[in-house]
1. Tell me the Rg and the Dmax, in Å, that the Cα atoms of the range A:194-265 produce.
2. Please work out the Kirkwood hydrodynamic radius for chain A, using every pair of different C-alpha atoms, and report it in angstroms with one decimal place.
3. Once every DSSP H run of n ≥ 4 in chain B is given -39500 (n - 2.57) and the sum is divided by its residues, what mean residue ellipticity at 222 nm do you get, rounded to the nearest 500 deg cm²/dmol?
4. List the aspartates and glutamates whose Cα sits under 18 Å from the Cα of A:K50, skipping any in the same chain fewer than 8 residues away.
5. Of all DSSP beta bridges located in the range B:3-101, what percent are antiparallel, nearest 5?
6. Normalised by the number of residues in chain A, what is the relative contact order in percent for Cα pairs under 8 Å and 6+ residues apart?
7. What average count of beta carbons from other chains do you get within 10 Å of the Cβ of residues in B:33-43?
8. If I take every Cα pair under 8 Å that is 6 or more residues apart in the range B:3-101, average their sequence separation and divide by the length, what percent do I get for the relative contact order?
Amino acid sequence: MIGPAGVLIVGAGQAGYQLAVSLREGGYAGRVRLVGDEQGLPYQRPPLSKSYLQGDGNADLLPFRPQTFFDKHAIEVRGDTRVVAIDREARRVITATDEMLEYGHLVLATGTRNRPLPVPGHDLAGVHALRTQAEAEALRVAMHAADAIVVIGAGFLGLEAAAVAAARGAQVDVVETTLLPMGRAITAVMSEAFIRQHQRQGIRFHLGTGVVRLLGDSVRVTGVELADGTVLPGSLVLVCIGVIPNAELAADAGLPVANGVVVDENLATEDPDISAIGDCAAYPNRYAGGMVRLESVQNAVDHARCLAARLLGKPAPYHVVPWFWSDQGDWKLQIAGFTAGCQIVVPRGDTDSRDFTVYAFRDGRLAGVETVNRPSDHVAARRLLSTGAVITPEMVAAPDFDLRRATKAALS
Amino acid sequence: MPEITFVQFHGARETLDVAVGNTIMFAATSHGLEGIVGECGGNAMCATCHVSVEPDQLHLLPAMTDDEDALLDGTAIMRQPNSRLSCQIHVTPALDGFVVHVPERQI
């Protein structure tokens with residue numbers, strides 16, 4: 001089913017790496033190439049805004065596996081290679097250096113890139129972004145020297161970095177255009193609990209306001225001017241205002257693109273020889289009730305496994321309960337299912353304490369569970385949601401409700 | 001450095017020198033050892049670094065947390081009384097000669 005050129009994976013992040021590994025684990029004997037535009041071995045991104053930023057910059061902890069592993073499994077890893085076009089008719093891609101790479105099956109695991117901040121001063125020294133290990137290293141070093149930091153964008157990435165900076169003793173200001181940090185992905189109850197928690201650590205929030213310009217002397221950033229005229233001083237500005245899916249390769253090749261590369265529940269594009277997985281793929285998810293594009297380790301890994309199974313002749317549609325985590329200071333947030341936009345929310349435990357759980361409902365039944373410092377509730381919730389058991393707000397609000405007991409009952 | 005021995009499901013043994021402070025999961029993945037997946041990178045999120053330890057060495061480990069206990073309920077191969085998550089085992093000098101058994105599968 002796959003031509004002699006084998007599987008060519010464009011993008012060497014979590015999804016691309018996992019697909020290569022899962023193909024070999026499943027017994028695929030053809031050629032596997034993993035092509036990425038960064039140098040070095042494929043590595044984990046989640047620590048970049050967490051332990052790596054906090055720590056001493058030990059990059060040895062980041063690669064998924066050593067080179068010997070890739071050699072042993074005949075996975076050809078090519079770094080520093082940017083693919084610029086797909087020639088679907090000839091079944092090959094073209095690189096930035098005009099090299100042609102043929103494929104039997106092409107997998108787009110191209111991820112996302114950071115959305116640029118379109119205001120004057122965005123290119124001043126001291127303005128940082130965070131996606132790659134090189135950017136994380138630059139930010140980590142700069143954080144050591146900065147005592148006033150402005151984070152633009154209160155998503156997971158921005159708040160994780162803000163918490164690291166605050167723990168170092170820096171004055172941290174966070175600017176966000178909406179009123180709810182992380183509001184695209186979590187309930188309002190949880191968002192507000194995080195605002196209070198970060199405020200307790202000294203972080204200042206500026207919500208519902210935009211950035212007009214970054215101020216600087218001739219070279220370096222010195223502050224951020226907000227829409228209402230407020231000026232926040234800062235010698236370091238971190239821009240984390242979301243991402244753009246890397247879908248241009250697909251679009252230029254005539255494949256449908258809508259908030260990412262459009263694929264079906266088998267992660268297939270319209271072209272039977274091209275699939276898309278991970279952060280760049282927009283796909284139908286039954287737990288969300290429509291098309292979604294998720295940015296997470298879980299999504300990348302489970303997509304890769306699903307696609308590997310199909311390429312190995314055992315197709316099964318992708319129906320997986322999503323899960324996610326974010327470490328912000330002493331609070332570990334974990335999410336199972338889809339909770340954003342849920343109007344009916346039942347918190348259990350004090351949302352100002354060090355651990356609690358928030359249940360979120362859509363159409364009268366449990367759609368997702370958010371926990372802070374309660375990993376065992378999180379694990380149970382993932383299993384409970386996967387059973388499809390109907391759990392109502394009334395059940396969860398009952399004083400004797402026990403999540404692990406409910407999960408055991410649903411599984412039996 | 002303490003020596004940790006990994007015994008694969010089919011009996012193959014491999015011994016690694018592991019720096020004190022590193023986890024057994026990281027020792028395995030950074031050496032490309034088979035059978036330890038660690039897909040969440042050691043964050044106690046996924047239960048794909050399941051191992052079982054020698055019953056007479058169990059006392060060398062600190063008691064597991066509630067979180068590790070909960071995750072072990074979701075392992076691919078049903079947990080045993082001597083099951084642990086290798087991302088939660090930090091190597092100490094006392095673990096020199098420690099043996100872990102890798103289950104048949106992690107997923």
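1. Gyration radius and largest Cα-Cα distance of the range A:194-265: 18.8, 52 Å.
2. The answer is 22.6 Å.
3. Counting only the DSSP helices, I get -3500 deg cm²/dmol.
4. Straight-distance partners of A:K50: A:D60, A:E135, A:E137, A:E160, A:E295, A:D327, A:D330, B:E39.
5. 75 percent
6. That works out to 15 percent.
7. Mean shielding count: 5.
8. It comes to 41 percent, rounded to a whole number.
Laboratory data are not the source of any read-out in this text; all were calculated from the coordinates shown. Keep in mind that this is a model prediction, so the values were computed, not measured. All Cβ positions, even for glycine, are placed from backbone atoms using ideal geometry, and neighbour counts span all protein chains on display.
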